[in-house]
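The values are calculated or read from the model by the stated rules, or taken from the named source; none is laboratory data. Because the structure is predicted, anything quoted here is derived from the model rather than measured. All Cβ positions, even for glycine, are placed from backbone atoms using ideal geometry, and neighbour counts span all protein chains on display. Heads up: the accessible areas ignore ligands, DNA and RNA and are worked out on the full protein's heavy atoms, side chains in. Shrake-Rupley method; radii C 1.70, N 1.55, O 1.52, S 1.80 Å.
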Amino acid sequence: HDKFYWVNNQQPLFPPDVSFGAIYFIRNPLDVLVSFAHHSSKSINKMVKTMNNSDFAFCERDDMLQNQLRQQIGSWSDHVKSWTEQKIIPVKVLRYEDMILDTFNTFKAAVQFLKINKNDQQIAAAIQKSDFKILAQQEKENGFKEKLIKSESFFRKGQIGDWQNSLNNMQRIKIIEKNQEIMAKF
């Protein structure tokens, strides 16, 4: 989850000598907002503030034991820019929306970027096995360890544009005002 940053302003958190590259999944922040609110069991208004907060980090509290290390996230735009504008390691940007609308070609581009030698049939089989509906059903049957205790499920909807059913105009404006430059770019 970490944004790309320099530790003590000297060494990248992800050093190039041990980093072949990164696949960066980007999603419309309006849809991220709704998904993140459900995942975190937080209100939409709280998540607007979180996603627009340049100092946001997971596990930032030091008054209790955390189940994972602190992860510096930043605002949605900070995170995107940190990965897409750094020149230390190669990055392949994949839009979530393209993963839904052109699944095979988008997934194949990721496989090729990683130099994984798989044919079209193997790629199609991997896509089929990781279909959202299949993963959601597996979660219902067996649980999913990444699901937070407070959240109803990890695999909720996975839809493009679901923000239109959940956000009011002010919430939408607050996200767009803070992130419009990067939203337009991608």
message = Of everything in the stretch 1-53, what is closer than 28 Å to Ala109 by Cα, open to solvent by less than 60 Å² (accessible area, probe 1.4 Å) and β-branched (Val, Ile, Thr)? Give them in sequence order.
response = Ile23, Ile26, Val32, Val34
task = Out of Phe36, Phe4, Phe14, report the one residue that is hydrophobic (A, V, I, L, M, F, W, C) and free of Cβ contacts under 8 Å to residues at least 40 places away in the same chain.
result = Phe36
ask   = Residue check: is Lys3 out of contact with any His (no Cβ under 8 Å at 6 or more places or on another chain), under 25 Å from Ile173 (Cβ atoms) and part of a loop (DSSP other than H, G, I, E, B)?
value = no
note = Counting only helices (runs of 4 or more DSSP H) entirely within the stretch 21-120, those with at least 3 residues that are modelled with pLDDT of 95 or more, in contact with a strand residue (DSSP E or B) (Cβ under 7 Å, 6 or more places away or on another chain) and farther than 25 Å from Ile173 by Cα are 103-113
Residues being under 22 Å from Ala126 (Cα atoms), open to solvent by less than 30 Å² (accessible area, probe 1.4 Å) and in contact (Cβ under 8 Å) with a residue 40 or more places away in the chain - total across the stretch 79-107 = 2
task = Name every residue in the stretch 108-142 that is under 29 Å from Pro16 (Cβ atoms) and either open to solvent by less than 50 Å² (accessible area, probe 1.4 Å) or not polar (S, T, N, Q) (or both), in order of residue number.
result = Lys108, Ala109, Ala110, Val111, Phe113, Leu114, Lys115, Ile116, Lys118, Ile123, Ala126
task = Please go through the stretch 90-124 and pick out each residue that is under 28 Å from Asp162 (Cβ atoms) and of a type in the set (S, T, N, Q).
result = Thr103, Asn105, Thr106
query = Only one of (1) modelled with pLDDT of 80 or more; (2) among the basic types (Lys, Arg); (3) open to solvent by 70 Å² or more (accessible area, probe 1.4 Å) is not met by Arg156, so which one is it?
reply = (1)
